[in-house]
Amino acid sequence: MPNRTSAKSAKAVQAAGKVAGARASGGKNKGKPPITQRIPWLTIGAVVLLVGLVAALAVNLVPKYQEKAALEKFTPSEQKQDPSDQIQGVVKKEYPAGLHIDGTQRVAYDQTPPFGGPHDASWANCMGTVYDKALRDENAVHSLEHGAVWITYNPDKVDQSGVDTLKKKVEGEQYMLMSPHPDQEAPVSLQSWGHQLTVNSADDERVGQFITALRLNNFAYPEVGADCATVAFDTQNPPPYDPSEPGPDAVPMDGAGLQPDQGELGGTGAPGGLPGGLPGGIPAIPGMPGTLPDQQAPGAGQ
């Protein structure tokens, strides 16, 4: 019969062996840091940056492409000579062209702001010019005869954010000008020759539609080929707006007593009856100011 003491001793030896083995196994990794999985921060950062760039491009470019596509139907063409007919609220009137006054005279305009009729022989610079002062109406109307769009706003009804929004439509855009007009009823008004649109907000989508339809639309203004740049008009100190009522000696809207300037009645050509094109007889180039209607490239006049 086995001795109980011997059995206990054997169990003790086995237990001691297990403990020693465990200690020996643990001793192999003594002094080494535990193995951890490294996070690829560089790769993650690059992916996040790329996603951010794509999102930023989408936010900025997609709306612009959408706006451009939406404005395509307002681009004038031989088949659609006045796309402003599709714009709700546009007022149209016929006015005689080429009727000039001098700097001492006034015109009894029938609209505020005016958008046609007799005007000063000197036009307001309209090379994407933003004026911070109200312009003399008689100078601005002449710019319309050259194919420009004149944006006006009532400074008491349009805040700085609205003014900045309108500026983006004008700055750097030839045949565009902008100025405050304190006597107009609407917050924002747009004028081209024989056309006017009033809106309550600078964000109104019709602002872009009007500009696309009528700026340099050769079918819609008299003096095709006329320039918008001029050294005769001081953009820093333009002739001031006169808020008083025109006197009894003001020139009437029909231009009674005035002789039309024959230099501006050359039909669809440039001033002086020159062939259609830029001032000075430079030949017409499709898509360029002064291009004749049948020479106009698709989309020209936007």
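Miscellaneous remarks
- Just one of (1) part of a helix (DSSP H, G or I); (2) modelled with pLDDT under 85 fails for residue 47. It is (2).
- Scope the range 191-208; condition surrounded by 21 or more Cβ atoms within 10 Å (Cβ to Cβ), in contact with a Ser or Thr (Cβ under 8 Å, 6 or more places away or on another chain) and not small (Gly, Ala, Ser); matching residues: 191, 195, 196, 197
- Residue in the range 132-155 that is modelled with pLDDT of 95 or more, over 17 Å from residue 239 (Cβ atoms), surrounded by fewer than 20 Cβ atoms within 10 Å (Cβ to Cβ) and out of contact with any Leu (no Cβ under 9 Å at 6 or more places or on another chain) present: yes
- The one condition in (1) over 17 Å from residue 210 (Cβ atoms); (2) exposed (fewer than 10 other Cβ atoms within 10 Å of the Cβ) that residue 88 fails to fulfil: (1)
- Count of the range 149-184 residues which are among the β-branched types (Val, Ile, Thr) and over 11 Å from residue 130 (Cα atoms): 3
- Residue ranges of strands (runs of 3 or more DSSP E) in the range 142-211 with at least 2 members among the aromatic types (Phe, Trp, Tyr): 149-153
- All of 232, 284, 270, 250 fail the test of being hydrophobic (A, V, I, L, M, F, W, C), surrounded by fewer than 17 Cβ atoms within 10 Å (Cβ to Cβ) and at pLDDT below 95, apart from 232.
- In the set (1) surrounded by fewer than 18 Cβ atoms within 10 Å (Cβ to Cβ); (2) part of a loop (DSSP other than H, G, I, E, B); (3) among the polar types (S, T, N, Q), the condition left unmet by residue 125 is number (1).
- Residues of the range 203-222 that are touching a strand residue (DSSP E or B) at 6+ places or on another chain (Cβ under 8 Å) and either under 16 Å from residue 81 (Cα atoms) or among the aromatic types (Phe, Trp, Tyr) (or both): 210, 211, 214, 215, 217, 220, 221.
The values are calculated or read from the model by the stated rules, or taken from the named source; none is laboratory data. What you see is a predicted model; the values in this text were computed from it and never measured. Glycine also receives a Cβ, built like all others from the backbone with ideal geometry; neighbour counts cover every protein chain displayed.
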